[in-house]
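K.L.:
Handing you a structure now.
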Amino acid sequence: MSPKVAQGDASAASRIESLDVKLEVIVIPVSDVERAKSFYQRLGWRLDQTPPGIVQLTPHGSACSVQFGPGLTSAAPGSAMAYLIVSDVEAARADLVAAGVEVGDVFHVGPDGPVDGPDPQRRSYFSRATLRDPDGNTWLIQEITTRLPGRIEGGLTSYGSVSDLAGALRRAAAAHGEHEKRTGERDDNWPDWYAAYMVSEQSGAKPPE
């Protein structure tokens, strides 16, 4: 392969890696559109304006929506599986149950499979609960507070709702309290510490000490 071709390949690879693409919609298969619409609205999802024949709903705080409607997919109703991310799986489950939604018990991933109850250390990605729509499409509600390294680019930080931001601030406050215990000193520069901690949670970077 000539150097010129190799250079072209490298340039193309660089461009494609930096291409800004965002996941917009997931199509789920349902057998009864009105029944599914009613169910997802009961979860508190926003009904969006769409062309005739398409129902689109968006979870609060989410940049990605779901769609369903006649002819959108040939998949069998109930065959879809996806994840919903929350910062507190027990609180989220309690809210859904209070709204009359059936949700499985909270469990966590252990070395030998699922274990009842949330992860004892409340590690991100470990605690979950299962939610199914009337057709049987499965949603795994997963608790995430700290992202794995590289999951969020650079120092970009965003919160999809007031409750997400409030939860991040509470975790930062608790971590900062431990920081002051370790140092034995009051940290008057706590806003910068909070900011660094909250960014590290989302980006997977090392948190401040």
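The values are calculated or read from the model by the stated rules, or taken from the named source; none is laboratory data. The structure displayed is predicted, hence computed values, not measured ones. Reconstructed Cβ throughout: ideal geometry from the backbone, glycine too, with neighbour counts over all protein chains shown.
K.L.:
Going by what's in this entry, would G44 be described as surrounded by 13 or more Cβ atoms within 10 Å (Cβ to Cβ), assigned to a loop (DSSP other than H, G, I, E, B), modelled with pLDDT under 90 and not polar (S, T, N, Q)?
P.N.:
So G44 fails the test.
K.L.:
Then there's this: Quick one: L131 ticks every box in (1) within 15 Å of the chain's Cα centre (by Cα); (2) within 16 Å of I26 (Cβ to Cβ); (3) surrounded by fewer than 18 Cβ atoms within 10 Å (Cβ to Cβ) bar one, so which box is it?
P.N.:
(3)
K.L.:
Next question. Can you report the number of residues in the range 192-203 which are surrounded by fewer than 16 Cβ atoms within 10 Å (Cβ to Cβ) and over 10 Å from A172 (Cα atoms)?
P.N.:
1
K.L.:
Follow-up. Say whether the condition of being under 27 Å from S65 (Cβ atoms), hydroxyl-bearing (S, T, Y) and touching a residue at least 12 places away in the same chain (Cβ under 8 Å) is met by at least one residue in the range 186-202.
P.N.:
Among the residues of the range 186-202, not one is under 27 Å from S65 (Cβ atoms), hydroxyl-bearing (S, T, Y) and touching a residue at least 12 places away in the same chain (Cβ under 8 Å), which makes the answer no.
K.L.:
Consider D135 carefully, then state whether it is under 24 Å from W45 (Cβ atoms), assigned by TED's automatic domain parsing to the domain that holds S31 and of a type in the set (D, E).
P.N.:
Taking the combined requirement at face value, the residue satisfies it.
K.L.:
What number of residues in the range 70-83 are at pLDDT 95 or above and either assigned to a strand (DSSP E or B) or of a type in the set (G, A, S) (or both)?
P.N.:
Total meeting the criteria: 9.
K.L.:
For residues that are among the basic types (K, R) and part of a helix (DSSP H, G or I), scanning just the range 167-186, find the one that is nearest to M198 (Cα to Cα). Steps first, answer last, please.
P.N.:
Step one: of the range 167-186, the residues among the basic types (K, R) are 170-171, 181-182, 186.
Applying the additional criterion that residues be part of a helix (DSSP H, G or I) yields 170-171, 181-182.
On the way: R170: 10, R171: 8, K181: 19, R182: 19 Å.
My answer is R171.
K.L.:
Taking the range 84-128 as the search range and keeping residues that are small (G, A, S) and in a helix (DSSP H, G or I), which one is surrounded by the fewest Cβ atoms within 10 Å (Cβ to Cβ)?
P.N.:
A98
K.L.:
Do any residues in the range 85-107 that are touching a residue at least 24 places away in the same chain (Cβ under 8 Å) and under 21 Å from A168 (Cβ atoms) have Cβ atoms under 9 Å from those of residues that are basic (K, R) and part of a helix (DSSP H, G or I), where the two are at least six apart or on different chains, and which pairs are they?
P.N.:
Close Cβ pairs satisfying both conditions: V86/R93; S87/R171.
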